[in-house]
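The values are calculated or read from the model by the stated rules, or taken from the named source; none is laboratory data. Everything numeric here is computed off the predicted structure, so don't read it as measured data. With ideal geometry, Cβ positions are generated from the backbone for all residues, glycine too; neighbour counts draw on all protein chains shown. Accessible surface is based on the protein model in full, side chains and every heavy atom, while ligands, DNA and RNA are left aside. Shrake-Rupley method; radii C 1.70, N 1.55, O 1.52, S 1.80 Å.
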Amino acid sequence: MSTTTTPIPDQKKVGMVSLGCPKALVDSERILTRLRADGYAMSPDYAGADVVLVNTCGFLDSAKEESLQAIGEAIAENGRVIVTGCMGEEADAIRAAHPSVLAVTGAHQYEAVVEAVHEHAPPSQGPFVDLIPQPDVKLTPRHYSYLKISEGCNHSCAFCIIPDLRGKLASRRIDAVLREAEKLVAAGTKELLVISQDTSAYGVDTRHESRSWKGREVRAHMTDLARELGQLDIGGGVPPWVRLHYVYPYPHVDAVIPLMAEGLLTPYLDIPFQHASPKVLRAMKRPANEAKVLERLKGWRKICPEIAIRSSFVVGFPGETEEDFKYLLDWLEEAQLDRVGAFRFEPVEGAQANALPDPVPEEVKEERYTRIMEVTERISAAKLASKVGRRIPVIIDEVGEPDEDGDIGATGRSQSDAPEIDGAVYLRNVPQVLAPGDIVTVSIEDSDAHDLFGAVA
């Protein structure tokens, strides 16, 4: 008796271009994970993809322009493009610029994206072809992962349209977040980067509901989450580095500082202060308690001297006077923040700030931007210089090839440095066995305004 076999067809392949913030990167990972479960393969380039997804950013006009350029490049290189992400809320503008896009969906609309892929590149293999389930798709290196704890935001800052793009605060269940974190650590993650639009507000929308976790009740609350993440084990009873991003300085933030002092939480806080002048903060519709913040910073440093504070500031906001700007510079001199990013104010379509009087001329914005960067660079240089001669933990991101003398260099980060946005630690002559994800003790030998240089101790 003869039998015929039907070969399994080649998998359809999906390409992905992910723009914008880490929260968008997590969205991209979730979309690709769902598509892989449906039998799709990932394509590393345009040429091999049956369809290309472009996950856009729509926060600033410059980001929208970058998104439109990325869509245009994907169309030119591949021709079959599906658009998603924050700029997806402006489907008319996207289609006006690029009429040939196959579909447009908004931010974190995972089901709609997957449906669009199914429609325009139907899967050739059914889901779950593999006997062994594939792990989730990660777009970051194996040793660090973003952990998104909520969507949306309840603030109504005058310069921001995030609530319009991503909606009101919607917190994930605490047990779901902890399960994901545990799974990531088991798969090799050494550093968890906790992200959301407002990490301090986690659980406010669910009245900080409790869930059972490891035989105990745990609240959906930033402090409970931080404490539980510090109980995870990357080996030998050592907790992962846990880094809190987008933290508004609500009073309960004080409660996480002792966890840093105990070594359960990475001594690092990313707090978007945006300005210091009470007048400008009121115009931005943000809390104007800058004096109290300075006192709290001093208190945090007493409890945990190693704490690093990163923040971002907007210069040239409508109505910002030279007096307001000097107030900000004086505040920064006193605050002595470790890492600072600055942005020139840019009108965003739909933002309340566009209607404010007294716009700041572009040349004044540029001059203020230069001045704030000079001040913060000087502070950063002094902070880093104080670490020369010390021994600090460093997580390795990249190991180079041997040079002509056989020496191997490596790039890593200290606990004061988040990936992509902060500085680096450059190591010379490292052991051949060193690998990305290793956490080693480093003797710091030199520094500049942004980075450290040293050798494995």
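See the values below:
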item	result
Cut-off 12 Å, label 7 Å out along Cα→Cβ of residue 377, residues of region 328-359 by amide N	none
Probe 1.4 Å, accessible area per residue of region 354-393, Å²	61
Residue 180 accessible area, 1.4 Å probe, all protein chains in place, Å² to nearest 10	50
Simple label model, 7 Å out from Cα along Cβ direction - residue 385 to residue 111, nm	5.9
Region 355-457: relative contact order as a whole-number percent, Cα under 8 Å and 6+ apart	29
Chymotrypsin sites (Phe, Trp or Tyr not before Pro) restricted to region 280-344 and DSSP loop, no more than 15 other C-beta within 10 Å	none
Label-point separation, residue 445 to residue 209 (7 Å along Cα→Cβ), nm	5.6
Using distinct alpha-carbon pairs, which all enter the 1/r mean, Kirkwood radius of the chain in Å	24.0
Dipole in debye (nearest 20) - region 255-360, about Cα centre, beta carbon charges: Lys, Arg +1; Asp, Glu -1	340
Proximal aspartates and glutamates to residue 302, defined as alpha-carbon separation beneath 20 angstrom and excluding residues fewer than eight positions away on the same chain	254, 262, 270, 290, 333, 334, 338
For the chain, the longest site-free run once trypsin sites (Lys or Arg not before Pro) in DSSP loop states with at most 15 other Cβ atoms within 10 Å are removed	1-141
Extension gain, residue 231 back to residue 262 (0.36 nm per residue minus Cα-Cα distance, nm)	10.0 nm
J(HN,Hα) series, region 209-220, from Karplus relation 6.51 cos²θ - 1.76 cosθ + 1.60, nearest Hz, glycine and proline x	4, 9, 9, 7, 8, 6, x, 9, 7, 10, 7, 7
Within the accessible area of region 154-285 (1.4 Å probe), percent carbon and sulfur	51
Cα principal axis extents for region 384-449, largest first, Å	32, 22, 19
Theoretical ellipticity at 222 nm over the chain - DSSP helices of four or more residues, -39500 (n - 2.57) apiece, nearest 500	-9500 deg cm²/dmol
Protein accessible area in region 34-101, 1.4 Å probe - carbon and sulfur %	50
Inter-probe distance in nm under a simple model that places probes 7 Å from Cα toward Cβ, at residue 346 and residue 186	4.2
Percent carbon-and-sulfur accessible area, region 288-343, ignoring ligands, DNA and RNA, probe 1.4 Å	54
Alpha-carbon centroids, region 400-449 and region 230-282: separation in whole Å	24
Segment residue 292-residue 366, extension gain: residue separation times 0.36 nm, minus the distance between their alpha carbons	23.7 nm
Only Lys, Arg (+1) and Asp, Glu (-1) charged, at Cβ; region 353-457 dipole about Cα centre in debye	680
Size of electric dipole in the chain: Cβ of Lys, Arg +1 and of Asp, Glu -1, about Cα centre, debye, nearest 20	1760
Euclidean distance of C-alpha centroids, region 38-57 and region 103-117, integer Å	14
Exposure rank, largest accessible area first [321, 223; 1.4 Å]	321, 223
Accessible area per residue in Å² at 1.4 Å probe, computed on region 409-456	43
